[in-house]
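Rule-based calculations on the coordinates, nothing more; no lab input. Please read all numbers here as calculations on a predicted model, not as lab measurements. Glycine also receives a Cβ, built like all others from the backbone with ideal geometry; neighbour counts cover every protein chain displayed.
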Amino acid sequence: MEADNATVVVAREVTRRYGEGETAVDALRGVSVEVPRGKLTAVMGPSGSGKSTLMHILAGLDKPTSGSVAIAGKEITTLSDSDLTKLRREHIGFVFQFFNLLPMLDAGENITLPLSIAGEKPDPGYYDQLVAAVGLGDRLSHRPAELSGGQQQRVAIARALVSRPDVVFADEPTGNLDSHTGHEILELLRHSVEQLGQTIVMVTHEARAAAIADRVLYLADGLIVRELAGATQHEINEAMEEIAQA
Ligand SMILES: Nc1ncnc2c1ncn2[C@@H]1O[C@H](COP(=O)(O)OP(=O)(O)OP(=O)(O)O)[C@@H](O)[C@H]1O
Ligand SMILES: [Mg+2]
C-alpha cells in the first residue's frame, strides 16, 4: 500500500467498531480513501456518520478495527505507540474544534511546541512566513486566555503547520467561531494550501467551508457515499440534502 509522492494518505477498507456485543457501534464500515498532496479535501456528513472517527484513524490518534492506513508511504496501523508518536510528530498536524492550546504557554511557544518537544527550532524564514500568514505578529507573547477564539484557532493552525507536516487534519476548525472569524480561518487554510503547498483534510458541516475545498467526501453511516470535485456551495448543499434524505 505504498503512497506515491502525489498521494499522502492511503486508507484501505478501514472499519472501526466501538464496544462489543449487542451495544457495539460500527462507526466506520469499510472506508477507502486517498488524500492527494497539496490539495484541500473536505469531509462532510450527518452527525454520527463517522467523520471524527475517520480523522482520528487517518492521523494515527486511534487504531482501526480492521483495514490499513499509510502516511507518506508508511503503514501506521502496525506501528508501536512510540514509533507512531514519532511519525505523528514528523508527518501529521491536527487542528481541533476547541483549539487545545496549552494555557501556560504564550502564543509563540504554543506554535513552536511540536518542535520544542522534538528538541528542534523552527526554520526562521518559514516561521516568519507562517506567523505573517496567520496574522498574529503582535499577539505572540499573549497566552491563550488573552486571545479571542479566532486568534486561538490561528495559533492552533500555525502549530499544526510549523513542522511542515505531510498532512494537516482539521476537525471542524470553524465550528466554534462566529461566521466572520470562521471565514478568516478558512482563508488561512486555503492560503496554506496555495502558498505553502500544504495538504489539508478538513471536517465541516458548512457548505460554505467545504466550497473552499478541491474535493468533498460525504460520509453516511460509516461509508463514503459520494465525492464531488471543485463543487460550488450550491452543489455541496444539494448533495448534502440528497444524502440526508437517502
Ligand atoms: N468512544 C466512543 N465509544 C463509543 N461510540 C463512539 C465513540 N466515539 C464515537 N462513537 C460513535 O461512533 C459513531 C461515529 O462518531 P463520530 O464522532 O465519528 O461522528 P461524527 O461524524 O464526527 O459526528 P459529529 O458531526 O456529531 O461530530 C457515532 O454513532 C458515535 O456515537
Ligand atoms: Mg465529529
Note on the chain: contact order normalised by length, alpha-carbon pairs under 8 Å, 6 or more apart, percent, works out to 26 percent
The simple spin-label model distance between residue 5 and residue 47, using points 7 Å out along Cα→Cβ, in nm, is 4.5 nm
Hey, can you grab everything whose amide H is under 5 Å from the amide H of residue 28? Only 5+ residues off in sequence or another chain; H modelled, so Pro and N-termini drop out. 16
Three-way shape label, region 112-246, alpha-carbon gyration tensor, a/c 1.5: prolate
Principal-axis tilt of helix 149-161 within the chain, Cα atoms, nearest 10 degrees: 80 degrees
Added length on full extension, which subtracts the Cα-Cα distance from 0.36 nm per residue, residue 141 to residue 233: 29.3 nm
Relative to the longest principal Cα axis of the chain, at what angle does helix 233-245 sit, 0 to 90 degrees, rounded to 10? 40 degrees
Folded to 0 to 90 degrees: helix 124-134 orientation relative to the chain principal axis, Cα: 70 degrees
Set of lysines with alpha-carbon distance to residue 121 below 20 Å, sequence-local pairs under 8 removed: 86
Please sort by residue number the chymotrypsin sites (Phe, Trp or Tyr not before Pro) in region 107-211 whose DSSP state is loop and whose Cβ has at most 13 other Cβ atoms within 10 Å. none
Suppose R0 equals 22 Å; then what is the FRET efficiency for residue 62 and residue 196 from their Cβ-Cβ distance, rounded to the nearest 0.05? 0.20
With only alpha-carbon pairs counted, each pair once and no self-pairs, how large is the Kirkwood hydrodynamic radius of region 11-92 in angstroms? 13.5 Å
Which FRET efficiency, nearest 0.05, do residue 241 and residue 78 yield, Cβ-Cβ r, R0 35 Å? 0.30
Can you work out the FRET efficiency for the pair residue 23 and residue 223, with r the C-beta to C-beta distance and R0 = 30 Å, to the nearest 0.05? 0.90
